[in-house]
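The block underneath contains the structure these notes are about, expressed in structure tokens.
The values are calculated or read from the model by the stated rules, or taken from the named source; none is laboratory data. Just so you know, these numbers come straight off a predicted model, no measurement behind them. Note: ideal-geometry Cβ built from the backbone for every residue, glycine included; neighbour counts use all protein chains shown.
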Amino acid sequence: MIWNAKVYVTLRAGVLDPEGETISSSLQALGYNGVSQVRVGKYFEITLDEETRDQAAARLEEMCDELLANPVIEEYQVDLADGSTDTGPASGRK
């Protein structure tokens, strides 16, 4: 069965985010004064072929632990849907 996954990787709470701080400062310089904090992360869309949802979830966890996230400073969240479900972008531009 084909599975579609969205993987969100973010820095753990308490880990400094210099890139987020720079973006926050830049937004404030552009007049977006209501912005108090920006945290930067990574986003992946992965399509994989596994028999069951549990197998797909386990395979994705392996991928995250081995390559997609640094478990020392990052955490991740996986949204998993079967391939027959349209999981297009929730919002924003392509």
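Can you go through Tyr76, Tyr43, Tyr32 and tell me which one is at pLDDT 95 or above, under 30 Å from Gly14 (Cβ atoms) and in contact with a Cys (Cβ under 6 Å, 6 or more places away or on another chain)?
Tyr76
Among the residues of the stretch 53-68, is there at least one that is more than 13 Å from the chain's Cα centre (by Cα), surrounded by 14 or more Cβ atoms within 10 Å (Cβ to Cβ), assigned to a strand (DSSP E or B) and among the aliphatic types (A, V, I, L, M)?
So far as the stretch 53-68 goes, no, none of its residues is more than 13 Å from the chain's Cα centre (by Cα), surrounded by 14 or more Cβ atoms within 10 Å (Cβ to Cβ), assigned to a strand (DSSP E or B) and among the aliphatic types (A, V, I, L, M).
May I ask you to list the residues in the stretch 29-44 that are hydroxyl-bearing (Ser, Thr, Tyr), more than 16 Å from Asn70 (Cα to Cα) and loosely packed, with under 10 Cβ neighbours inside 10 Å?
The one that is hydroxyl-bearing (Ser, Thr, Tyr), more than 16 Å from Asn70 (Cα to Cα) and loosely packed, with under 10 Cβ neighbours inside 10 Å: Ser36.
For the stretch 10-52, which positions are among the charged types (D, E, K, R) and in a loop (DSSP other than H, G, I, E, B)?
Arg12, Asp17, Arg39, Glu50, Glu51
Restricting to the stretch 69-82, and then to whatever is β-branched (Val, Ile, Thr) and out of contact with any Asp or Glu (no Cβ under 9 Å at 6 or more places or on another chain), can you tell me which residue is surrounded by the most Cβ atoms within 10 Å (Cβ to Cβ)?
Ile73
In the list Thr10, Thr22, Thr47, which residue meets the criterion of being touching a residue at least 40 places away in the same chain (Cβ under 8 Å), of a type outside the set (D, E, K, R) and surrounded by fewer than 16 Cβ atoms within 10 Å (Cβ to Cβ)?
Values: Thr10 fails: surrounded by fewer than 16 Cβ atoms within 10 Å (Cβ to Cβ); Thr22 fails: touching a residue at least 40 places away in the same chain (Cβ under 8 Å).
Matching residue, one of Thr10, Thr22, Thr47: Thr47.
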